[in-house]
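**Student:** Mind having a look at this structure? Questions to follow.
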Amino acid sequence: MKKIIATLSLIILSGIALKAQNQTPFLWGVASAAYQVEGNYQADGKGESKWDFLTNKVGVTQFIIGKKETGNVAINMYDRTQYLKDIQLMKELGVNSYRFSLDWSRIIPDGVGAVNEKALAHYDLLIDDLKVAGIEPVVTLYHFDYPFALVQKEGWGNPEMINWYKNYAKIALERYGKKVKHFITFNEPYIEFFVAEYLMNMEQSKEPAVTRFARGMMKVHREMVASAEVIKMYHEMNLGGKIGMTFNFSPCSPLDPNNPNDVKASALQEKLLNTVFLDGYFKGTYPKEVLDMFTKYDPAFLPTAADMKILAANKPDFLGVNFYAPALVKYDAAEPFEMKWMDVNTDKVKSANGPVRPEELYKFLVKIKKEYNNPQIMITENGASFKNNEDTVISGKVNDVLRADYIKRHIEAVVKAKKEGVRMIGYFAWSGWDNFEWVFGYTSRFGLIHVNFDTQERIPKQSYFEYQKLIKEYKN
Ligand code: BGC
(Lines give C-alpha, C1' and ligand atoms only; values in the text may rest on other atoms or scores of the structure.)
Protein backbone atom coordinates (compact mmCIF):
# COMPACT_ATOMS: atom_id res chain seq x y z
CA MET A 1 0.00 0.00 0.00
CA LYS A 2 2.79 2.39 1.03
CA LYS A 3 4.53 1.64 -2.23
CA ILE A 4 1.42 2.48 -4.25
CA ILE A 5 1.01 5.78 -2.38
CA ALA A 6 4.69 6.63 -2.93
CA THR A 7 4.43 5.85 -6.66
CA LEU A 8 1.23 7.83 -6.94
CA SER A 9 2.74 10.86 -5.20
CA LEU A 10 5.75 10.64 -7.49
CA ILE A 11 3.48 10.67 -10.55
CA ILE A 12 1.48 13.59 -9.17
CA LEU A 13 4.62 15.52 -8.24
CA SER A 14 6.28 15.04 -11.62
CA GLY A 15 2.96 16.07 -13.21
CA ILE A 16 3.04 19.29 -11.23
CA ALA A 17 6.69 19.87 -12.17
CA LEU A 18 5.90 19.26 -15.83
CA LYS A 19 2.95 21.61 -15.66
CA ALA A 20 5.17 24.28 -14.14
CA GLN A 21 7.69 23.77 -16.92
CA ASN A 22 5.00 24.06 -19.56
CA GLN A 23 3.60 27.24 -18.11
CA THR A 24 3.63 30.05 -20.63
CA PRO A 25 6.36 32.55 -19.84
CA PHE A 26 5.35 36.12 -19.01
CA LEU A 27 4.05 37.67 -22.21
CA TRP A 28 5.86 40.81 -23.31
CA GLY A 29 4.13 42.22 -26.33
CA VAL A 30 2.69 45.01 -28.41
CA ALA A 31 -0.98 45.38 -29.28
CA SER A 32 -3.07 46.47 -32.25
CA ALA A 33 -6.63 46.15 -33.59
CA ALA A 34 -7.79 45.15 -37.06
CA TYR A 35 -9.55 48.34 -38.16
CA GLN A 36 -6.71 50.52 -36.90
CA VAL A 37 -3.91 48.78 -38.77
CA GLU A 38 -5.04 46.43 -41.53
CA GLY A 39 -6.23 48.75 -44.30
CA ASN A 40 -7.01 46.86 -47.55
CA TYR A 41 -10.61 47.42 -46.64
CA GLN A 42 -12.08 45.60 -49.59
CA ALA A 43 -9.49 42.86 -50.08
CA ASP A 44 -10.32 39.16 -50.29
CA GLY A 45 -14.07 39.65 -50.13
CA LYS A 46 -14.22 41.68 -46.90
CA GLY A 47 -17.72 42.96 -46.12
CA GLU A 48 -18.46 46.51 -45.10
CA SER A 49 -18.04 47.04 -41.36
CA LYS A 50 -19.47 49.49 -38.86
CA TRP A 51 -16.25 51.53 -38.93
CA ASP A 52 -15.99 51.42 -42.74
CA PHE A 53 -19.41 53.00 -42.70
CA LEU A 54 -18.69 55.49 -39.92
CA THR A 55 -15.49 56.76 -41.47
CA ASN A 56 -16.40 56.70 -45.17
CA LYS A 57 -20.09 57.55 -45.11
CA VAL A 58 -20.74 59.37 -41.84
CA GLY A 59 -17.27 60.91 -41.77
CA VAL A 60 -16.99 60.74 -37.97
CA THR A 61 -13.48 62.10 -37.71
CA GLN A 62 -14.74 65.39 -39.18
CA PHE A 63 -16.69 66.14 -36.00
CA ILE A 64 -13.55 65.90 -33.90
CA ILE A 65 -10.56 66.80 -36.07
CA GLY A 66 -12.30 68.72 -38.84
CA LYS A 67 -11.29 66.38 -41.65
CA LYS A 68 -12.40 63.06 -43.01
CA GLU A 69 -10.01 60.18 -42.39
CA THR A 70 -10.60 56.45 -42.74
CA GLY A 71 -8.95 53.10 -42.07
CA ASN A 72 -9.18 52.19 -45.77
CA VAL A 73 -5.39 52.04 -46.03
CA ALA A 74 -4.39 52.44 -42.37
CA ILE A 75 -0.87 51.07 -41.94
CA ASN A 76 -1.30 48.33 -44.53
CA MET A 77 -0.86 45.42 -42.14
CA TYR A 78 -3.24 43.10 -43.98
CA ASP A 79 -0.57 42.95 -46.66
CA ARG A 80 1.80 40.05 -45.96
CA THR A 81 4.85 41.79 -47.43
CA GLN A 82 4.22 44.60 -44.95
CA TYR A 83 3.40 42.50 -41.91
CA LEU A 84 6.45 40.29 -42.38
CA LYS A 85 8.58 43.42 -42.04
CA ASP A 86 6.60 44.35 -38.96
CA ILE A 87 7.13 40.89 -37.47
CA GLN A 88 10.85 41.43 -38.00
CA LEU A 89 10.63 44.71 -36.07
CA MET A 90 8.82 42.91 -33.24
CA LYS A 91 11.54 40.27 -33.17
CA GLU A 92 14.22 42.92 -32.90
CA LEU A 93 12.24 44.60 -30.16
CA GLY A 94 12.42 41.35 -28.21
CA VAL A 95 8.70 40.77 -27.59
CA ASN A 96 7.47 37.19 -27.31
CA SER A 97 3.84 37.96 -28.14
CA TYR A 98 1.58 40.10 -30.28
CA ARG A 99 -2.02 41.02 -29.51
CA PHE A 100 -4.15 41.67 -32.58
CA SER A 101 -7.82 41.37 -33.45
CA LEU A 102 -9.68 39.40 -36.07
CA ASP A 103 -12.05 41.30 -38.32
CA TRP A 104 -15.51 39.71 -38.19
CA SER A 105 -16.47 41.51 -41.42
CA ARG A 106 -13.67 39.70 -43.25
CA ILE A 107 -14.55 36.28 -41.83
CA ILE A 108 -18.35 36.49 -42.22
CA PRO A 109 -18.92 39.47 -44.53
CA ASP A 110 -22.66 39.75 -43.87
CA GLY A 111 -22.34 38.89 -40.20
CA VAL A 112 -24.25 35.61 -40.09
CA GLY A 113 -24.09 33.91 -43.48
CA ALA A 114 -21.33 32.44 -45.62
CA VAL A 115 -17.86 32.10 -44.19
CA ASN A 116 -15.05 33.67 -46.21
CA GLU A 117 -12.27 31.09 -46.48
CA LYS A 118 -9.79 33.64 -47.86
CA ALA A 119 -9.99 35.69 -44.69
CA LEU A 120 -9.69 32.63 -42.47
CA ALA A 121 -6.63 31.53 -44.46
CA HIS A 122 -5.12 35.01 -44.09
CA TYR A 123 -5.24 34.90 -40.29
CA ASP A 124 -4.02 31.29 -40.33
CA LEU A 125 -0.92 32.38 -42.20
CA LEU A 126 -0.40 35.41 -39.96
CA ILE A 127 -0.55 33.16 -36.88
CA ASP A 128 1.93 30.73 -38.46
CA ASP A 129 4.27 33.54 -39.50
CA LEU A 130 4.24 34.89 -35.96
CA LYS A 131 4.94 31.48 -34.45
CA VAL A 132 7.86 30.89 -36.81
CA ALA A 133 9.30 34.17 -35.49
CA GLY A 134 8.84 32.95 -31.89
CA ILE A 135 5.97 35.36 -31.24
CA GLU A 136 2.85 34.05 -29.50
CA PRO A 137 -0.40 35.33 -30.99
CA VAL A 138 -2.90 36.76 -28.48
CA VAL A 139 -6.17 37.06 -30.36
CA THR A 140 -8.97 39.52 -29.66
CA LEU A 141 -12.15 38.25 -31.30
CA TYR A 142 -13.86 41.64 -31.29
CA HIS A 143 -12.34 45.11 -31.04
CA PHE A 144 -15.15 47.68 -31.57
CA ASP A 145 -15.91 46.68 -35.18
CA TYR A 146 -18.43 44.28 -36.73
CA PRO A 147 -20.27 43.75 -40.04
CA PHE A 148 -22.40 46.67 -41.15
CA ALA A 149 -25.20 44.27 -42.11
CA LEU A 150 -25.65 43.72 -38.36
CA VAL A 151 -25.55 47.45 -37.61
CA GLN A 152 -28.59 47.64 -39.87
CA LYS A 153 -30.25 45.14 -37.55
CA GLU A 154 -29.45 47.39 -34.56
CA GLY A 155 -26.23 45.61 -33.54
CA TRP A 156 -25.98 45.26 -29.77
CA GLY A 157 -29.33 47.00 -29.44
CA ASN A 158 -30.78 43.69 -30.68
CA PRO A 159 -30.73 40.75 -28.23
CA GLU A 160 -30.08 38.38 -31.18
CA MET A 161 -26.60 39.91 -31.48
CA ILE A 162 -25.44 37.56 -28.73
CA ASN A 163 -26.19 34.57 -30.96
CA TRP A 164 -24.62 36.18 -34.04
CA TYR A 165 -21.47 36.85 -32.06
CA LYS A 166 -21.42 33.29 -30.68
CA ASN A 167 -21.71 31.90 -34.20
CA TYR A 168 -18.74 34.01 -35.32
CA ALA A 169 -16.67 33.21 -32.22
CA LYS A 170 -17.25 29.48 -32.69
CA ILE A 171 -15.87 29.63 -36.22
CA ALA A 172 -12.78 31.50 -35.03
CA LEU A 173 -12.18 29.27 -32.00
CA GLU A 174 -12.58 26.09 -34.03
CA ARG A 175 -10.17 27.35 -36.65
CA TYR A 176 -7.44 28.85 -34.45
CA GLY A 177 -8.04 27.29 -31.02
CA LYS A 178 -5.30 24.71 -31.38
CA LYS A 179 -2.64 27.24 -32.36
CA VAL A 180 -3.58 30.24 -30.24
CA LYS A 181 -3.25 29.96 -26.47
CA HIS A 182 -4.83 33.27 -25.41
CA PHE A 183 -8.14 34.64 -26.59
CA ILE A 184 -9.91 37.86 -25.64
CA THR A 185 -13.65 37.95 -26.24
CA PHE A 186 -14.19 41.74 -26.31
CA ASN A 187 -12.23 44.95 -25.97
CA GLU A 188 -13.44 47.81 -23.77
CA PRO A 189 -17.26 47.80 -23.94
CA TYR A 190 -17.35 51.05 -22.00
CA ILE A 191 -15.39 52.96 -24.61
CA GLU A 192 -17.28 51.30 -27.45
CA PHE A 193 -20.72 52.36 -26.24
CA PHE A 194 -20.44 55.14 -23.73
CA VAL A 195 -17.65 57.13 -25.23
CA ALA A 196 -17.40 56.45 -28.95
CA GLU A 197 -21.13 56.16 -29.62
CA TYR A 198 -21.95 58.93 -27.23
CA LEU A 199 -19.37 61.30 -28.69
CA MET A 200 -20.48 60.53 -32.20
CA ASN A 201 -24.05 61.11 -31.15
CA MET A 202 -25.00 58.01 -33.06
CA GLU A 203 -28.31 57.64 -31.33
CA GLN A 204 -29.42 60.91 -32.95
CA SER A 205 -32.22 61.17 -30.53
CA LYS A 206 -33.62 64.07 -28.62
CA GLU A 207 -33.53 62.11 -25.41
CA PRO A 208 -31.53 63.42 -22.48
CA ALA A 209 -27.86 62.48 -22.37
CA VAL A 210 -28.39 60.32 -19.26
CA THR A 211 -30.91 58.16 -21.10
CA ARG A 212 -28.61 57.69 -24.08
CA PHE A 213 -25.81 56.92 -21.69
CA ALA A 214 -27.91 54.40 -19.78
CA ARG A 215 -28.94 52.72 -23.00
CA GLY A 216 -25.25 52.05 -23.66
CA MET A 217 -25.17 49.92 -20.53
CA MET A 218 -27.65 47.43 -21.97
CA LYS A 219 -25.31 46.97 -24.91
CA VAL A 220 -22.36 46.58 -22.58
CA HIS A 221 -24.35 44.04 -20.61
CA ARG A 222 -25.10 42.06 -23.77
CA GLU A 223 -21.39 41.93 -24.56
CA MET A 224 -20.71 40.70 -21.01
CA VAL A 225 -23.27 37.90 -21.46
CA ALA A 226 -21.97 37.05 -24.95
CA SER A 227 -18.46 36.92 -23.52
CA ALA A 228 -19.51 34.57 -20.70
CA GLU A 229 -21.24 32.29 -23.21
CA VAL A 230 -18.15 32.17 -25.41
CA ILE A 231 -15.95 31.52 -22.37
CA LYS A 232 -18.22 28.54 -21.63
CA MET A 233 -17.98 27.36 -25.23
CA TYR A 234 -14.19 27.67 -25.21
CA HIS A 235 -13.83 25.72 -21.98
CA GLU A 236 -16.07 22.97 -23.33
CA MET A 237 -13.80 22.72 -26.37
CA ASN A 238 -10.99 21.81 -23.98
CA LEU A 239 -8.20 23.37 -26.00
CA GLY A 240 -5.87 23.95 -23.10
CA GLY A 241 -5.48 27.72 -23.56
CA LYS A 242 -6.90 30.71 -21.73
CA ILE A 243 -9.73 33.09 -22.45
CA GLY A 244 -10.71 36.42 -20.92
CA MET A 245 -12.23 39.82 -21.66
CA THR A 246 -10.58 43.24 -21.73
CA PHE A 247 -11.89 46.38 -20.03
CA ASN A 248 -10.55 49.89 -19.80
CA PHE A 249 -10.03 50.83 -16.19
CA SER A 250 -9.53 54.28 -14.73
CA PRO A 251 -9.29 54.36 -10.95
CA CYS A 252 -11.13 57.46 -9.79
CA SER A 253 -10.26 60.18 -7.32
CA PRO A 254 -11.89 63.57 -6.68
CA LEU A 255 -10.27 66.47 -8.51
CA ASP A 256 -10.52 68.45 -5.31
CA PRO A 257 -10.50 66.11 -2.30
CA ASN A 258 -11.75 68.96 -0.14
CA ASN A 259 -14.84 69.51 -2.21
CA PRO A 260 -17.64 67.19 -1.02
CA ASN A 261 -19.35 67.36 -4.42
CA ASP A 262 -16.22 66.11 -6.16
CA VAL A 263 -15.82 63.40 -3.55
CA LYS A 264 -19.39 62.19 -4.09
CA ALA A 265 -19.09 62.37 -7.88
CA SER A 266 -15.85 60.42 -7.78
CA ALA A 267 -17.31 57.62 -5.67
CA LEU A 268 -20.15 57.19 -8.16
CA GLN A 269 -17.82 57.38 -11.15
CA GLU A 270 -15.64 54.66 -9.60
CA LYS A 271 -18.67 52.35 -9.64
CA LEU A 272 -19.63 53.30 -13.18
CA LEU A 273 -16.15 53.04 -14.65
CA ASN A 274 -14.62 50.14 -12.75
CA THR A 275 -16.70 48.29 -10.16
CA VAL A 276 -19.59 47.57 -12.48
CA PHE A 277 -17.29 45.62 -14.83
CA LEU A 278 -15.23 43.89 -12.16
CA ASP A 279 -18.31 42.75 -10.22
CA GLY A 280 -20.13 41.70 -13.38
CA TYR A 281 -17.13 39.80 -14.71
CA PHE A 282 -16.03 38.04 -11.55
CA LYS A 283 -19.18 37.80 -9.44
CA GLY A 284 -22.10 38.03 -11.83
CA THR A 285 -23.54 41.03 -9.98
CA TYR A 286 -23.72 44.77 -10.62
CA PRO A 287 -23.59 47.41 -7.86
CA LYS A 288 -27.16 48.19 -6.80
CA GLU A 289 -26.66 51.94 -7.11
CA VAL A 290 -25.59 51.56 -10.74
CA LEU A 291 -28.42 49.17 -11.55
CA ASP A 292 -31.01 51.49 -10.05
CA MET A 293 -29.61 54.44 -11.91
CA PHE A 294 -29.61 52.74 -15.29
CA THR A 295 -33.10 51.33 -14.79
CA LYS A 296 -34.31 54.80 -13.87
CA TYR A 297 -32.89 56.46 -16.98
CA ASP A 298 -33.53 53.63 -19.42
CA PRO A 299 -36.61 51.57 -18.54
CA ALA A 300 -35.52 49.04 -21.18
CA PHE A 301 -32.41 48.26 -19.15
CA LEU A 302 -33.20 44.76 -17.99
CA PRO A 303 -30.48 42.27 -17.14
CA THR A 304 -32.45 39.11 -16.36
CA ALA A 305 -31.74 36.64 -13.56
CA ALA A 306 -30.80 34.13 -16.29
CA ASP A 307 -28.21 36.57 -17.69
CA MET A 308 -26.67 37.09 -14.28
CA LYS A 309 -26.53 33.34 -13.75
CA ILE A 310 -24.57 32.95 -16.99
CA LEU A 311 -22.13 35.64 -15.84
CA ALA A 312 -21.70 34.09 -12.42
CA ALA A 313 -21.31 30.53 -13.72
CA ASN A 314 -18.68 31.02 -16.41
CA LYS A 315 -15.47 32.18 -14.90
CA PRO A 316 -12.82 33.67 -17.17
CA ASP A 317 -9.20 32.49 -17.04
CA PHE A 318 -7.79 36.00 -16.78
CA LEU A 319 -8.74 39.65 -16.70
CA GLY A 320 -7.58 41.91 -19.54
CA VAL A 321 -6.68 45.37 -18.24
CA ASN A 322 -6.27 48.36 -20.52
CA PHE A 323 -4.78 51.12 -18.44
CA TYR A 324 -3.95 54.56 -19.76
CA ALA A 325 -4.74 57.00 -16.97
CA PRO A 326 -6.72 57.36 -13.78
CA ALA A 327 -9.80 59.58 -13.73
CA LEU A 328 -9.83 62.84 -11.81
CA VAL A 329 -13.50 63.48 -11.22
CA LYS A 330 -15.16 66.83 -10.94
CA TYR A 331 -18.75 67.66 -10.06
CA ASP A 332 -20.41 69.32 -13.05
CA ALA A 333 -24.15 69.91 -13.10
CA ALA A 334 -24.18 70.15 -16.89
CA GLU A 335 -22.77 66.65 -17.49
CA PRO A 336 -24.66 63.33 -17.51
CA PHE A 337 -24.92 62.13 -13.89
CA GLU A 338 -23.51 65.55 -12.92
CA MET A 339 -19.87 64.60 -13.20
CA LYS A 340 -16.97 64.96 -15.54
CA TRP A 341 -13.72 63.08 -15.81
CA MET A 342 -12.64 63.24 -19.45
CA ASP A 343 -10.35 66.11 -20.24
CA VAL A 344 -9.98 66.79 -16.54
CA ASN A 345 -6.22 66.97 -16.34
CA THR A 346 -4.44 69.60 -14.35
CA ASP A 347 -0.98 68.11 -14.93
CA LYS A 348 1.64 70.14 -16.79
CA VAL A 349 2.52 67.25 -19.04
CA LYS A 350 -0.68 66.29 -20.79
CA SER A 351 -1.18 62.85 -22.28
CA ALA A 352 -4.20 62.52 -24.55
CA ASN A 353 -5.87 59.96 -22.28
CA GLY A 354 -5.39 61.74 -18.95
CA PRO A 355 -2.89 62.29 -16.17
CA VAL A 356 0.26 60.14 -16.14
CA ARG A 357 0.09 58.26 -12.82
CA PRO A 358 1.74 54.82 -12.91
CA GLU A 359 1.31 54.45 -9.12
CA GLU A 360 -2.45 54.30 -9.73
CA LEU A 361 -1.95 51.25 -11.93
CA TYR A 362 0.04 49.55 -9.18
CA LYS A 363 -2.61 50.35 -6.56
CA PHE A 364 -5.39 49.18 -8.83
CA LEU A 365 -3.69 45.82 -9.51
CA VAL A 366 -3.19 45.21 -5.80
CA LYS A 367 -6.83 46.13 -5.17
CA ILE A 368 -8.04 43.59 -7.74
CA LYS A 369 -5.86 40.94 -6.12
CA LYS A 370 -7.44 41.61 -2.74
CA GLU A 371 -11.04 42.15 -3.74
CA TYR A 372 -11.44 39.62 -6.53
CA ASN A 373 -9.59 36.62 -5.21
CA ASN A 374 -6.24 37.13 -6.93
CA PRO A 375 -7.14 36.46 -10.58
CA GLN A 376 -4.60 36.21 -13.39
CA ILE A 377 -4.21 39.63 -15.03
CA MET A 378 -2.91 40.59 -18.43
CA ILE A 379 -2.21 44.25 -19.20
CA THR A 380 -3.65 44.13 -22.69
CA GLU A 381 -2.98 47.83 -23.44
CA ASN A 382 -0.89 50.57 -21.90
CA GLY A 383 0.45 53.59 -23.69
CA ALA A 384 0.26 57.29 -24.34
CA SER A 385 -0.02 60.00 -26.92
CA PHE A 386 1.31 63.48 -26.19
CA LYS A 387 0.52 66.73 -27.89
CA ASN A 388 4.06 68.07 -27.73
CA ASN A 389 5.32 67.20 -31.22
CA GLU A 390 7.52 64.51 -29.77
CA ASP A 391 6.58 62.21 -32.64
CA THR A 392 8.22 64.40 -35.26
CA VAL A 393 10.98 62.79 -37.29
CA ILE A 394 14.21 64.77 -36.91
CA SER A 395 17.22 63.57 -38.91
CA GLY A 396 15.66 60.13 -39.28
CA LYS A 397 15.01 59.76 -35.54
CA VAL A 398 12.02 60.10 -33.24
CA ASN A 399 12.91 61.18 -29.76
CA ASP A 400 9.70 60.48 -27.84
CA VAL A 401 11.07 61.04 -24.36
CA LEU A 402 7.71 61.31 -22.63
CA ARG A 403 6.40 58.05 -24.08
CA ALA A 404 9.65 56.26 -23.22
CA ASP A 405 9.35 57.49 -19.65
CA TYR A 406 5.63 56.57 -19.52
CA ILE A 407 6.31 52.99 -20.66
CA LYS A 408 9.22 52.60 -18.23
CA ARG A 409 7.29 53.78 -15.19
CA HIS A 410 4.20 51.74 -15.98
CA ILE A 411 6.26 48.58 -16.51
CA GLU A 412 7.95 49.21 -13.16
CA ALA A 413 4.48 49.45 -11.59
CA VAL A 414 3.50 46.10 -13.13
CA VAL A 415 6.74 44.45 -12.01
CA LYS A 416 6.24 45.78 -8.47
CA ALA A 417 2.69 44.39 -8.34
CA LYS A 418 3.94 41.05 -9.69
CA LYS A 419 6.62 40.87 -7.01
CA GLU A 420 3.93 41.41 -4.41
CA GLY A 421 1.98 38.43 -5.57
CA VAL A 422 -0.44 39.87 -8.13
CA ARG A 423 -0.72 37.13 -10.75
CA MET A 424 0.44 39.14 -13.76
CA ILE A 425 0.68 37.08 -16.97
CA GLY A 426 1.56 39.70 -19.56
CA TYR A 427 2.12 43.30 -20.57
CA PHE A 428 1.24 44.75 -23.98
CA ALA A 429 2.22 48.23 -25.04
CA TRP A 430 -0.33 50.17 -27.08
CA SER A 431 0.65 50.30 -29.74
CA GLY A 432 3.45 48.73 -31.72
CA TRP A 433 2.86 51.28 -34.46
CA ASP A 434 1.24 54.67 -34.95
CA ASN A 435 -2.13 53.86 -36.48
CA PHE A 436 -5.71 54.98 -37.10
CA GLU A 437 -6.91 56.38 -33.77
CA TRP A 438 -10.71 56.11 -34.14
CA VAL A 439 -12.37 59.53 -33.94
CA PHE A 440 -8.96 61.25 -34.02
CA GLY A 441 -7.89 59.58 -37.28
CA TYR A 442 -4.16 59.92 -37.90
CA THR A 443 -3.66 62.94 -35.66
CA SER A 444 -3.00 61.02 -32.47
CA ARG A 445 0.07 58.77 -32.39
CA PHE A 446 0.53 56.02 -29.81
CA GLY A 447 3.19 53.86 -31.52
CA LEU A 448 6.61 52.68 -30.38
CA ILE A 449 7.32 52.63 -34.10
CA HIS A 450 6.74 55.77 -36.11
CA VAL A 451 4.75 55.31 -39.31
CA ASN A 452 4.84 57.67 -42.26
CA PHE A 453 1.20 57.37 -43.28
CA ASP A 454 1.95 58.33 -46.91
CA THR A 455 4.87 55.99 -47.58
CA GLN A 456 4.30 53.34 -44.87
CA GLU A 457 7.92 53.78 -43.81
CA ARG A 458 8.59 52.62 -40.22
CA ILE A 459 11.08 54.22 -37.80
CA PRO A 460 11.52 52.74 -34.31
CA LYS A 461 11.23 55.55 -31.76
CA GLN A 462 13.20 56.04 -28.58
CA SER A 463 10.34 54.36 -26.66
CA TYR A 464 10.94 51.21 -28.78
CA PHE A 465 14.54 51.07 -27.60
CA GLU A 466 13.50 51.78 -24.02
CA TYR A 467 11.00 48.91 -24.14
CA GLN A 468 13.68 46.66 -25.68
CA LYS A 469 15.95 47.43 -22.72
CA LEU A 470 13.20 46.86 -20.16
CA ILE A 471 12.22 43.49 -21.65
CA LYS A 472 15.85 42.35 -21.40
CA GLU A 473 16.05 43.59 -17.84
CA TYR A 474 12.84 41.99 -16.59
CA LYS A 475 12.59 38.93 -18.82
CA ASN A 476 13.55 36.43 -16.17
C1 BGC B 1 -8.54 51.14 -27.51
C2 BGC B 1 -7.60 51.32 -28.68
C3 BGC B 1 -7.21 52.79 -28.80
C4 BGC B 1 -6.47 53.17 -27.54
C5 BGC B 1 -5.88 54.57 -27.51
C6 BGC B 1 -8.21 51.98 -26.32
O7 BGC B 1 -9.38 52.64 -25.97
O8 BGC B 1 -8.69 49.78 -27.20
O9 BGC B 1 -8.22 50.82 -29.81
O10 BGC B 1 -6.51 53.07 -29.93
O11 BGC B 1 -7.31 53.01 -26.42
O12 BGC B 1 -6.85 55.55 -27.36
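**Student:** How big is the gap, in Å, between the Cα center of the range 115-188 and the Cα center of the range 392-448?
**Tutor:** The distance from the Cα centre of the range 115-188 to that of the range 392-448 comes to 25 Å.
**Student:** Under 13 Å from the 7 Å Cα→Cβ point of Arg409, by amide nitrogen: which residues of the range 245-262?
**Tutor:** none
**Student:** About the Cα centre of the chain, how large is the charge dipole given +1 on each Lys and Arg Cβ and -1 on each Asp and Glu Cβ? Please answer in debye to the nearest 20. Intermediate results must be reported in sequence, preceding the final value.
**Tutor:** On the way: 60 positive and 57 negative charges, 348 e Å.
In total the dipole reaches around 1680 debye.
**Student:** May I ask which of Lys330/Lys419; Lys85/Lys242; Lys166/Lys283; Lys206/Lys348 have a Cα-Cα span longer than 32 Å here?
**Tutor:** Checking Cα-Cα distances, Lys330/Lys419; Lys206/Lys348 exceed 32 Å.
**Student:** Still on this structure, I have one more. Farthest toward the dipole's positive end in the chain, which of His450, Met217, Ala169, given Cβ charges of +1 (Lys, Arg) and -1 (Asp, Glu) about the Cα centre?
**Tutor:** Ala169
**Student:** Can you work out the accessible area per residue across the range 28-474, with the rest of the protein chains kept in place, probe 1.4 Å, in square angstrom?
**Tutor:** It amounts to 39 Å² per residue over the range 28-474.
**Student:** Right, next: Solvent-accessible area of Trp438, probe 1.4 Å, all protein chains present, reported in Å² to the nearest ten, please.
**Tutor:** Using a 1.4 Å probe on the heavy atoms, I get roughly 30 Å².
**Student:** Here is a further query. Once you order the gyration tensor axes a ≥ b ≥ c over the Cα atoms, which shape class does the range 317-389 get: rounded for a/c under 1.5, otherwise prolate or oblate by comparing a/b with b/c? Working shown, then result.
**Tutor:** Values: a/c = 2.45, a/b = 1.43, b/c = 1.71.
Cα axes put the range 317-389 in the oblate bin.
**Student:** I would also like to ask the following. Just tell me which aspartates and glutamates come within less than 16 Å, Cα to Cα, of Lys367; anything on the same chain fewer than 8 places away is out.
**Tutor:** Glu270, Asp279, Glu359, Glu420
**Student:** Averaging sequence separations of C-alpha pairs under 8 Å and six or more residues apart, then dividing by the length of the chain, give the relative contact order as a whole percent.
**Tutor:** 16
**Student:** Right, here's the next one. Per 20 Å bin from zero, what fraction in whole % of the C-alpha pairs of the range 28-474 is there, up to the bin with the longest pair?
**Tutor:** Going from the shortest bin to the longest, the percentages are 26, 63, 12, 0.
**Student:** For the chain, what does -39500 (n - 2.57) per DSSP helix run (n ≥ 4), summed and divided by total residues, give at 222 nm, in deg cm²/dmol to the nearest 500?
**Tutor:** -13000 deg cm²/dmol
**Student:** Under a point-charge model restricted to the Cβ atoms of Lys and Arg (+1) and Asp and Glu (-1), what is the dipole moment magnitude of the range 415-463 relative to its Cα centre, in debye to the nearest 20?
**Tutor:** 440
**Student:** Give me the net charge of Ile425's neighbourhood, meaning all other residues with Cβ under 10 Å from the Cβ of Ile425; Lys, Arg count +1, Asp, Glu -1.
**Tutor:** Net of charged neighbours comes to +2.
**Student:** Would you list, by chain and number, the aspartates and glutamates whose Cα falls below 19 Å from the Cα of Lys179, excluding same-chain residues fewer than 8 positions away?
**Tutor:** Within the straight-line cut-off, Lys179 pairs with Asp103, Glu117, Asp124, Asp128, Asp129, Glu136, Glu236, Asp317.
**Student:** Around His450, which amide H atoms from residues at least 5 apart in sequence, or from another chain, sit under 5 Å from its own amide H, with H modelled in the peptide plane?
**Tutor:** Under 5 Å from the amide H of His450 lie the amide H atoms of Ile459, Lys461, each far enough along the sequence or on another chain.
**Student:** Nearest-5 percent of antiparallel DSSP beta bridges in the range 364-476?
**Tutor:** The antiparallel proportion sits near 50 percent.
**Student:** Next up: Whole-Hz Karplus ³J(HN,Hα) for the range 46-62, in order, using 6.51 cos²θ - 1.76 cosθ + 1.60 and θ = phi - 60°, x for Gly and Pro?
**Tutor:** 4, x, 5, 10, 3, 6, 4, 5, 4, 7, 7, 9, 7, x, 4, 5, 4
**Student:** Any idea how far apart Phe63 and Glu289 come out in nm if each label point goes 7 Å out from Cα toward Cβ?
**Tutor:** Here the modelled spin labels are 3.0 nm apart.
**Student:** Let me ask another. Expressed as a whole percentage, what fraction of the accessible surface of the chain belongs to carbon and sulfur atoms when a 1.4 Å probe is rolled over the protein heavy atoms?
**Tutor:** 55
**Student:** Now for a different question. Work out the charge dipole of the chain with +1 on the Cβ of Lys and Arg and -1 on the Cβ of Asp and Glu about the Cα centre, then indicate which of Val415, Met293, Phe183 is farthest towards its positive end.
**Tutor:** The residue sitting farthest along the positive end of the dipole is Val415.
**Student:** Out of the DSSP beta bridges found with both residues in the chain, what percent are antiparallel (nearest 5)?
**Tutor:** 20
**Student:** Taking R0 as 30 Å, what FRET efficiency do you get between Glu457 and Val132 from their Cβ-Cβ distance, rounded to the nearest 0.05?
**Tutor:** Efficiency at R0 = 30 Å is approximately 0.75.
The values are calculated or read from the model by the stated rules, or taken from the named source; none is laboratory data. None of the values given here were measured: they were computed from a predicted structure. Cβ sites come from the backbone with ideal geometry, for glycine too, and all protein chains shown count toward neighbours. Ligands, DNA and RNA are excluded from the accessible area calculation, which covers all protein heavy atoms including side chains. Shrake-Rupley method; radii C 1.70, N 1.55, O 1.52, S 1.80 Å.
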